[in-house]
Structures are given as structure tokens and as C-alpha cells.
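The values are calculated or read from the model by the stated rules, or taken from the named source; none is laboratory data. Keep in mind the model is a prediction, meaning the values are calculated, not measured. Positions of Cβ are generated from backbone atoms using ideal geometry, with glycine treated the same way; all protein chains shown enter the neighbour counts.
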Amino acid sequence: MSSNIEQIRHSLAHLLAAAVAEIYPGTKNTIGPAIDNGFYYDFEFPADKKPTEKDLKNIEQKMKEIAKKWTTFTEKEMSLEEALAWAGENEYKKELIEGIAKRGEKITIYESGTKADSKDGKEGRNGFHFADLCRGGHADSMKDAEPGSWKLTRIAGAYWRGDEANKMLTRIYGLAFESKEALENYEKMMSEAEKRDHKKLGKELKLFTTSPLVGSGLPLLQPKGMVIRKEIEDYLWELHRKLGYDRVWTPHIAKEDLYITSGHAAKFGDELFRVQGKEEKFFMKPMNCPHHMQIFADNQFSYRDMPVRYFEPATVYRDEKSGQLAGLTRVRAITQDDGHLFCRVSQIGQEVATIISIVKKFYSTMNMMEGYWVRLSTRGEDKSVYIGDDSVWNIAEKALKDAAEENKLNWRPGPGEAAFYGPKLDFMFKDAIGREWQLATIQCDFNLPVRFDLSFINEKGEKERPVVIHRAISGSLERFMGILIEHYGGNFPLWLSPVQAKIIPVGEAHFKAAEKIKESLCDSMIRADIDLGNDNFGKKIRNAKVEKVPYFIIIGDKDMEKGVATLESRDKGQLGQFTTEDIVAKFVAEIKERK
């Protein structure tokens, strides 16, 4: 294969547009990019000719027929006048062409098909089958797209250029991979992902719920869901407490002046929730960092106190669009395991190394370190979207690059991916079925200390400006919980499980012994339930398995005679008979090790 997968995906988008043009005359094609798993194209179909998903097979078959004739993609540069004439009555292409011209860029179309062999060039338009406005980046030939490695998948609505004020178009999606096997593997992964959907499992396992009276993007944690969240939070604090962090607390609202000073008001104005007090205007806090700046500013620190490290799992609020909200993974109330540390420039390397050690420990525990990578996010070419001087950006970017190399991170450059106030390290982790998630982040910030005029006293008795390092290990607790539910498929390890053991008496004669076992487990802080219902024994076992409880403790006549209970594992089956003391010791050790 001489073309890379992105070029093939881009070429398939052209092929899709060509097939639609033949099957649905009068359709206006707009844009069709390559995406992470394939491609899509947006169309305005005539009112009486809109396809449905049952028509995808026909469109796909037409694509295959056309593909046999496409052996080249040829660039043709046009003037603005020529391009507008070429676009004809397609106002979408005209808008794109005018935008290209306004930016001073070259206007090109790409003609796709087979070069005409005959002297008069009667095959298609100048010997080509299809032409589209495009910057380039195509396959050498459609033969590079291996048979069976791509397919059309679904139809959806999409506003022109993503703006709700514009016309709704029809978007046709396709999948495309390097090989037929890669496509099949992806489809298997997505089938498994559907089974693991955290919204489905969250409802079945009673982990969280939503209420129209509360509002979209504001999930409510059930008691079992709160157990998981608290365990994650406690583990994060355990990792930080040992390394010199102090816990702080900040209120959920602040005067708008705070965010004007920090720059968040200008940057995130449309996403902020506003609260009108009797006399003053407030924002629901979208970030914790400006609050933490105020805590630091209220102290008189010297160089001997540096670094100063704050930790706060605090909820922030952002008015996300309702169409983007989803379960726990996209919400309006976001609890960040937030931390900010204030240090000297000379301390950046060591502090970043310490945070990296926390990240590695945390994600090793979650069994998510295999295949991880880190993006070093730096400024893009348009410097106007960032705040701060070039000199401080250069220092910050170099400090993070040095830390990534010294700690042997699997890192890649990410130009244009920085936060508006500083560069960052973004950690990408894979879940159990191979999906990639951006989770932990370490951000270096020289700008907020300037905006809030922060300082400490150095060895010379002079004021020195600190560096701020923002860090989040899990990202947000809500999103991370959603990812964990899917990562484990609801089969949480013992330390995270809302119910760690289900005690199942065979009959009513065994109730008293079962209650005594539960009391012993609870005394050792083990989360245990007991099934005293009227279901038969087999149904009780099935119920425990549906609830995905890690261990079942069964008590029957023979168990009572021997003073033991039968222990069964969700993952390993029956383990044998044990005394209550031995069961407690086993659970306590496994929980402590967070296996």
C-alpha cells in the first residue's frame, strides 16, 4: 500500500460524493473530511430525494463501481472567478471558495478518475469522472483501498459548519481502515463498547441517574455510584498526601472580577453560568485555579516554603451545549481532582517528575498503562489566541519537554494544542477494549502569577514570581467514572466495588449465621450485603452475578456444621470453604493492595 490511511479516507469521501451525485441528481455536496475511524460527507439533498440508512448499500455499491475507474487525483489551480463559475449554484462551495480567497490561499480542485487515453478525451469531464474543491492529500489510486476495508455505516443530521443558525444537512458516515481485518476488529470493539456503555450499566447497576427536573448534564449519583467516586477520590488523596500536598476548599461561586482578572471571562464567556446577587454579579466557578491563586496570595511565603502544593477535588460548572451532553462523560457539573502547585523555575523539573510518578502509579492500579502515550501540547502559529509573553512560553515549553525526556515518557509533539495560558502534557490511555482517552494533564503556567501579581521572598530579600503548575490525574471524576464503568464492564475490582461481597444463605435456617458473617465483614469495613429474600437459592446466585458482585459467601447446613462458609469468586469460580476470619483477612489484603 503506497498511500497512508488518512489519504485513503480522504479519497473515499470524494468517492462518496461522486456516488451520491450519480444516484441523486441535484444534490449539493459541501465538505467531506477524513476522521479518526473513516470519513464523512455532508450533503443538501433535494427534498424528495433524501436517502435513509437502507439506501446505504446502494450508495456503497455505486462507490465500488466508480472506484474501478479512479486511478488518479489531479490538482487544478483556479482563479477566484474560475472557481466561483465552477461552483455554479452550489452556495456552500462558493462560501468556501470566498473564504479561501480571503485568507490569501491557493484555490484548487482535484479531478478524480481515469486519464483519457483517446485523443479527443471524451471520457468524463476532460477525461475525469469527478471534481471537488480540495486542498489535496489523496491516495495514489483507489486500488490502495483494500477490498472489504471500508463501508458506509450511518446517516445523521449536521448543521452547515456546525452552526445551529445554519441549514441542517445530511451527513453520511463511513468506516475505513488499513485492511479488512482491521475493520472487523474495530467493529468487534464497537460491539463490545455497546455492551459496556456506561449509561446502560449505570442504570442496571444503580450507579447514577438523571432527572429532567434537575436538568441535562447534571447526573445524580446513587449510593453505589457514590461509593466508587469516594474510593477514587480517597486513593487520589492518598497518593498526594504522601508527597507534600495540602487540601483546600473553595466556594462554588465568585465575583466576576475574579475571572476578568484571570482571563477566563473573556475566554469562556459563553460557557459561564451567571448568578445575580442582591448587589453583585457572580459566576458559578468554571475553574478552581483563580481561587487557589487567592489562597496563595494571602500568605507571606519565602523561598524556604517553596514549592507550595494545593489539592482540591472541587466541582466547577460550564454551560455545555445540550446536544453534546452524555451520561457521565460530558456534563455541566464537573468535579476535577484539581491541584495547583507554586514553585520556582528551577523546581519545575522535579515537581513535574513527582506528578508523573503519581500518574503512573494511579493508572497502573487501574490497569491502563499499556500503550499509553503523552502529547506535549505547545502553541500554534496564531499567537493571538494565547496570553503571555513569548519569553515565558519558551521557558515553559522547554521545561515540559525536558521533563518528558528525563522521565522517559512516550511523548509526541502537539503544536497548537496548548491551553490559552500555557503548554501542557496530556496523557492518553487505552481502556480494556483498546479505545483511547485523554485523561491526566500537567500544565505549566507563567501567566496567572503575573495576572494576580503573586510573589514570594527569595534569598536576596526580593520579590520573586512563582511558576504555577496545574495538574489533574483523573481529569474529572464524573468522566473518569464513566470510562471506568466501561473499562471494567461493570466488573469492578474488589476495592472499587460498591458491594464487595454478597452473603447468600441457602435457606431460612441459615439466616442467623449469615447475619453474623455480615457483621464481621462490616466491622472490618468490608461492604457486604445479605440476601434474605424469598427467591430460591439458584435465583439468589443469579441475582448476585447480575449485580457483578466480586465474591459470594454461601452458608448451608454443611457449612454451619463445620463453622465455615463456602466462598465463590465472580472471576474464578468456587474457591472452597473458609472460616469467617480467613475470608475477612483475604478481603482486607486484596483491598489494601488494590488488585
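A few comments on the model shown:
Yes or no, residue by residue, for (1) closer than 14 Å to Ala145 by Cβ; (2) crowded, with 18+ Cβ neighbours inside 10 Å; (3) free of Cβ contacts under 8 Å to residues at least 40 places away in the same chain:
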{"site": "Gln7", "(1), (2), (3)": "yes, yes, no"}
{"site": "Leu16", "(1), (2), (3)": "yes, yes, no"}
{"site": "Ile23", "(1), (2), (3)": "no, no, yes"}
{"site": "Asp36", "(1), (2), (3)": "no, no, yes"}
{"site": "Pro46", "(1), (2), (3)": "no, no, yes"}
{"site": "Thr52", "(1), (2), (3)": "no, no, no"}
{"site": "Asp55", "(1), (2), (3)": "no, no, yes"}
{"site": "Ile66", "(1), (2), (3)": "yes, yes, no"}
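- Residue count for region 306-327 under the criterion of being touching a Gly at 6+ places or on another chain (Cβ under 8 Å) and either in a strand (DSSP E or B) or modelled with pLDDT of 95 or more (or both): the result is 5.
- Pairs are defined by a Cβ separation below 7 Å, a sequence spacing of at least 6 or placement on different chains, a first member in region 486-510 that is among the polar types (S, T, N, Q), and a second member that is not in a loop (DSSP other than H, G, I, E, B); the pairs so defined are Gln500/Ala528; Gln500/Tyr551; Gln500/Phe587.
- From Ala176, Ala165, Ala254, residue being touching a Phe, Trp or Tyr at 6+ places or on another chain (Cβ under 9 Å), more than 26 Å from Met284 (Cα to Cα) and surrounded by 17 or more Cβ atoms within 10 Å (Cβ to Cβ): Ala176
- Test: residue in region 75-97 that is touching a Gly at 6+ places or on another chain (Cβ under 7 Å), assigned by TED's automatic domain parsing to the domain that holds Tyr173, surrounded by fewer than 21 Cβ atoms within 10 Å (Cβ to Cβ) and basic (Lys, Arg): no
- Evaluation of Gly225 against (1) out of contact with any Leu (no Cβ under 7 Å at 6 or more places or on another chain); (2) of a type outside the set (Asp, Glu); (3) more than 19 Å from Gln443 (Cβ to Cβ) (one fails), failing number: (1)
- Picking from residues in region 251-294 that are part of a strand (DSSP E or B) and out of contact with any helix residue (DSSP H, G or I) (no Cβ under 6 Å at 6 or more places or on another chain), the one that is nearest to Arg318 (Cα to Cα) is Met284.
- Exactly one residue among Glu6, Glu75 is charged (D, E, K, R) and over 21 Å from Glu187 (Cα atoms), and that residue is Glu75.
- Yes/no for Phe578 being aromatic (Phe, Trp, Tyr), in contact with a Lys or Arg (Cβ under 9 Å, 6 or more places away or on another chain) and surrounded by 12 or more Cβ atoms within 10 Å (Cβ to Cβ): yes
- Verdict on Glu105 being surrounded by 11 or more Cβ atoms within 10 Å (Cβ to Cβ) and outside any helix (DSSP H, G or I): no
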